[in-house]
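Below is one structure; the comments refer to it alone.
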Amino acid sequence: MSSSTRGRIGFSCAYTPLPAIAAAGFVPHRILPLSASPDQAGRYLHDNLCPHVKRLVDRAMDDDLPPMAGMVVVNSCDAMRRLADAWRHVRPKEPVFLLDLPATGDAAAVAFFATEIERLAQALDEWGGRALETGALKHAADRYNQLGALFATLRQQMVQGRLPGGRSRLQVLYNRATEMGPAAAADMLAAELDATGQDCGGDGVPIYLFGNVLADPEAFALIEAGGARVVGDDFCTGSRLFSPVEISGGGEGFKGLARSLLKRPPCARTFMADKPGALVDHVLAGAAASAARGVIGHTLKFCDPYLARLPIVRDALRDAGIPLLLLEGDCSLGSIGQQRTRIEAFIEMLR
């Protein structure tokens with residue numbers, strides 16, 4: 001292992017402070033629910049629990065993961081807390097850090113989350129990393145911002161029909177980028193941009209997608225094969241992870257990182273007292289900005305935060321005159337494949 005790279009740190013949430021991990025000398029490695037590992041998480045977790053969490057535990061139990069120096073689990077919901085508990089049993093030699101995530105983004109929440117990130121930095125130091133300094137943290141954040149800008153260009157080319165493979169190809173790149181350091185990921189995306197530019201078509205019905213976890217590129221290929229042209233989307237396994245991070249000097253590195261993370265596009269577990277419908281507003285704004293003719297929402301089974309908010313999303317889109325199709329999955333391609341007919345019928349209705 002080189003002096004600059006101290007191994008991989010696993011993570012599973014878009015709110016994970018990746019610049020802190022990278023600045024400590026580790027490579028952040030997202031554990032995705034993509035695997036042929038057998039279903040065996042039920043030995044530790046209830047059957048009616050988030051399939052995302054269960055698939056990650058399946059991979060850990062099947063040893064379908066690279067060696068890691070530690071695992072960072074964001075305490076964003078009860079299912080993620082159960083993930084941390086199960087991980088300690090399944091991979092007992094691997095330290096687990098549970099990072100508490102505020103549900104709001106006010107000043108008190110930012111201050112609290114900054115102390116949590118600082119606590120993570122101390123754990124990374126103990127796991128063999130470097131002590132974090134504001135300069136190193138800002139440098140790592142700049143690297144991730146560069147990565148985000150490259151993804152923004154690729155998304156624009158996708159919308160213009162100039163990205164071979166469309167949204168499916170973009171998901172391949174998202175997945176690869178989350179398993180390598182920001183510098184290597186930026187080189188990969190730069191090479192991808194050099195290969196784009198030709199007209200790849202794009203005469204499908206413009207559709208906006210939203211939800212929590214949808215990591216399988218084949219799922220997007222199936223939607224596009226049904227006649228859709230994805231013109232915008234928001235998933236925690238997509239663009240949300242690469243939203244801009246602002247870190248200023250003056251020794252407020254952790255606070256700046258905390259503020260940036262809590263300002264990311266809201267997921268269903270986020271709550272803003274002054275904007276209780278922030279998720280609804282975000283979906284509406286995304287659909288309008290992309291000139292989508294319809295919206296497809298994909299959520300995981302047993303995800304209580306999304307199940308609680310989908311009715312108001314549905315009502316808001318109906319009032320705005322934007323058709324909505326809601327899909328539910330279990331992190332397997334088969335679950336969305338079973339809904340192919342519904343997708344095709346929805347797209348046909350919009351023609």
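The values are calculated or read from the model by the stated rules, or taken from the named source; none is laboratory data. All values reported here derive from a predicted model rather than from experimental measurement. With ideal geometry, Cβ positions are generated from the backbone for all residues, glycine too; neighbour counts draw on all protein chains shown.
Residues to consider are 188, 180; find the one that is within 24 Å of residue 72 (Cβ to Cβ), outside the structural domain of residue 34 (by TED's automatic domain parsing) and either assigned to a loop (DSSP other than H, G, I, E, B) or touching a strand residue (DSSP E or B) at 6+ places or on another chain (Cβ under 8 Å) (or both).
Result of the check over 188, 180: 180.
Is it the case that region 109-117 has a residue that's in contact with a Phe, Trp or Tyr (Cβ under 6 Å, 6 or more places away or on another chain) and among the polar types (S, T, N, Q)?
No, region 109-117 contains no residue that is in contact with a Phe, Trp or Tyr (Cβ under 6 Å, 6 or more places away or on another chain) and among the polar types (S, T, N, Q).
Could you give me the residue pairs with C-beta distances under 7 Å whose first residue belongs to region 205-222 and is more than 25 Å from residue 269 (Cβ to Cβ), whose second residue is in a loop (DSSP other than H, G, I, E, B) and of a type in the set (Ser, Thr, Tyr) wherever it lies, and which are 6+ apart or on separate chains?
Close Cβ pairs (under 7 Å, with a partner that is in a loop (DSSP other than H, G, I, E, B) and of a type in the set (Ser, Thr, Tyr)) amount to 206/290.
Check 126, 218 and return the single one that is of a type outside the set (Lys, Arg) and over 25 Å from residue 75 (Cβ atoms).
Answer to the selection: 218.
Sort through 100, 47, 106, 78 and tell me the only one that's at pLDDT 95 or above and either out of contact with any Pro (no Cβ under 7 Å at 6 or more places or on another chain) or not assigned by TED's automatic domain parsing to the domain that holds residue 28 (or both).
Just a single option satisfies the conditions, and that option is 100.
I'd like to know if region 252-272 contains one or more residues that are farther than 30 Å from residue 108 by Cβ and among the hydrophobic types (A, V, I, L, M, F, W, C).
no
Give the residue, chosen from 313, 295, that is at pLDDT below 95 and either within 30 Å of residue 49 (Cβ to Cβ) or not assigned by TED's automatic domain parsing to the domain that holds residue 156 (or both).
313 is the lone residue from the list that is at pLDDT below 95 and either within 30 Å of residue 49 (Cβ to Cβ) or not assigned by TED's automatic domain parsing to the domain that holds residue 156 (or both).
Looking for whichever is part of a helix (DSSP H, G or I) and out of contact with any Leu (no Cβ under 6 Å at 6 or more places or on another chain) here; the options are 173, 150, 214, 209. Which one fits? Outline the logic, then answer.
Details: 150 fails: out of contact with any Leu (no Cβ under 6 Å at 6 or more places or on another chain); 214 fails: part of a helix (DSSP H, G or I); 209 fails: part of a helix (DSSP H, G or I).
Residue meeting the stated conditions: 173.
If I filter region 38-48 for residues that are within 14 Å of residue 13 (Cβ to Cβ), outside any helix (DSSP H, G or I) and without any contact (Cβ under 8 Å) to a residue 40 or more places away in the chain, do I get at least one hit? Working first, answer last.
Initially, region 38-48 is screened for residues within 14 Å of residue 13 (Cβ to Cβ), giving none.
Taking every residue of region 38-48 in turn, none turns out to be within 14 Å of residue 13 (Cβ to Cβ), outside any helix (DSSP H, G or I) and without any contact (Cβ under 8 Å) to a residue 40 or more places away in the chain.
Count, please, the residues in region 191-206 that happen to be modelled with pLDDT of 85 or more, outside any strand (DSSP E or B) and either in contact with a strand residue (DSSP E or B) (Cβ under 7 Å, 6 or more places away or on another chain) or under 20 Å from residue 12 (Cα atoms) (or both).
Residues in region 191-206 being modelled with pLDDT of 85 or more, outside any strand (DSSP E or B) and either in contact with a strand residue (DSSP E or B) (Cβ under 7 Å, 6 or more places away or on another chain) or under 20 Å from residue 12 (Cα atoms) (or both): 1 in total.
Output the residues belonging to region 335-350 that are in contact with a strand residue (DSSP E or B) (Cβ under 6 Å, 6 or more places away or on another chain) and under 12 Å from residue 323 (Cβ atoms).
346, 347, 350
Within region 99-147, which residues are outside any helix (DSSP H, G or I), in contact with a strand residue (DSSP E or B) (Cβ under 8 Å, 6 or more places away or on another chain) and crowded, with 20+ Cβ neighbours inside 10 Å?
Answer for region 99-147, where residues must be outside any helix (DSSP H, G or I), in contact with a strand residue (DSSP E or B) (Cβ under 8 Å, 6 or more places away or on another chain) and crowded, with 20+ Cβ neighbours inside 10 Å: 99, 101.
Restricting attention to region 49-85, report how many residues are under 15 Å from residue 302 (Cβ atoms), touching a helix residue (DSSP H, G or I) at 6+ places or on another chain (Cβ under 9 Å) and either without any contact (Cβ under 8 Å) to a residue 40 or more places away in the chain or outside any loop (DSSP other than H, G, I, E, B) (or both).
12
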